[in-house]
Amino acid sequence: MYICLEGIDGSGKSSQSHLLEQWLKDAGYDVMRVFEPSKSAVGKLIRSMLQDSEATDKNFQRTLGLLFAADRMILMEKIRRAEYESSIIIADRSFYSSLVYQNDEEWIREINKHILKPDIVILLDINPETAIKRCEGKDHFENVEFLEKTRKKYMGLASKEKFYVINANNGINKVHDDIKKIIAPKLGMCI
Ligand SMILES: Nc1ncnc2c1ncn2[C@@H]1O[C@H](COP(=O)(O)OP(=O)(O)OP(=O)(O)O)[C@@H](O)[C@H]1O
Ligand SMILES: [Mg+2]
C-alpha cells in the first residue's frame, strides 16, 4: 500500500507521516517513509535551487518540474522494491505537489507518466494563516496569497483525483486519529 500525504507548507505532512509510520510499525507492519525532494543527488540539487530568489520565475519552475520528475523516478525504484516486499510506503509529497506547484498540468502529467501513483492520497487542508504561524522560525516560507492559491489548487485536484481531505487546523493528535480512521479499514484493522 502506497500512501501519500499532501498539503501546503506547514500543514503537518512531516509530523503526520512520522506519527503514521510509528502507529503502523507498532501494529506490526513493515513501513518505508519517503519524502520529496528525496535524499538523492537530484533531490539535493532541488533543495539548493529552492533557496534561490528566482524560484517564482516560469522557466525556473519548469526546470524544477523536470528535476522533481527525475528525483521521483529515482525514488520510484525504492518504492517498487518496498511494495514488492509488501511494505507500506508513506510519502511526504508526490507527483501531486508538482501538479500544484509547477503549473502547466498537461506537461507535468506527461513528464510524470511513468511514475507510480499512490493508492491513497490524504490532503491535509489548513488555513494559510495557521500554516504560516506554524512555519515561523523556518528559513524559507511562502506568503498568505501564495498559500491560498496553492490551497485552492489542491482542493480542485482533491475532488478530481478523489483525495481524502482532512481538517489539518486541528491539533496534532486529532489529525493523526483522522488519518488512522482512513487507513485502518484499508488494512482490516480495528481502532
Ligand atoms: N496539528 C498541529 N497543530 C499544531 N502544530 C502542528 C500541527 N502539526 C504540525 N505542527 C507543527 O507545525 C510545524 C510544521 O509542521 P510540519 O513540519 O509537520 O509541516 P509540513 O507540512 O511538513 O511543512 P513543510 O511543507 O514546510 O515541510 C512543526 O513545528 C510542527 O511541530
Ligand atoms: Mg515537511
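The packing ranking, built from the mean of other Cβ atoms within 10 Å per residue, places the peptides 65-72, 102-109 in the order 65-72, 102-109, highest first. Of the residues Thr130, Thr150, the one with the fewest other Cβ atoms within 10 Å heads the list, and the complete ranking is Thr130, Thr150. Computed over the chain, the quotient of the alpha carbon radius of gyration and 2.2 N^0.38 Å is 1.00. For the chain, the dipole from Cβ point charges (+1 on Lys and Arg, -1 on Asp and Glu) about the Cα centre works out to 340 debye, to the nearest 20. Think of each Lys and Arg Cβ as +1 and each Asp and Glu Cβ as -1; about the Cα centre, that makes the dipole of the range 68-176 roughly 240 debye. Between Val100, Leu20, Met1, the Cα set farthest toward the positive side of the dipole of the chain (charges on each charged residue's Cβ, about the Cα centre) is that of Met1. Report note on the peptides 92-98, 20-26: ranked by the mean count of other C-beta atoms within 10 Å, highest first, their order is 92-98, 20-26.
Please compare each pair in Lys58/Lys153; Lys13/Lys58; Lys117/Lys160; Lys13/Lys39 to a cut-off of 21 Å on the Cα-Cα distance and tell me which ones are over it. Beyond 21 Å: Lys13/Lys58. A cut-off of 5 Å between modelled amide H atoms, ignoring neighbours fewer than 5 places along the same chain, links Val165 with Leu123. Amide H contacts of Gly7 (H built 1.01 Å from N, in plane; Pro and chain starts excluded): Leu124 sit under 5 Å, all sequence-distant by 5 or more or on other chains. Overall, the range 133-187 carries a charge dipole of about 280 debye about its Cα centre when +1 sits on the Cβ of Lys and Arg and -1 on the Cβ of Asp and Glu, all other atoms neutral. Centre-to-centre, using Cα atoms only, the range 1-74 and the range 139-175 are separated by 15 Å.
Close amide H partners of Arg33, meaning residues 5 or more places away or on another chain with modelled amide H under 5 Å apart, are Ile90. Between Ile111, Ile89, Ile179, the GNM of the chain built on Cα springs shorter than 10 angstrom shows Ile111 fluctuating the most. Using a Gaussian network model of the chain in which every pair of alpha carbons under 10 angstrom is joined by a spring, one finds that among Tyr84, Tyr29, Tyr154 the greatest mean-square fluctuation is at Tyr84.
Only the coordinates and a few stated rules stand behind these numbers; no lab work does. Here the structure is a predicted model, which is why all the values come from computation and not from measurement. Cβ: placed from backbone, ideal geometry, glycine included. Neighbour counts: every protein chain shown.
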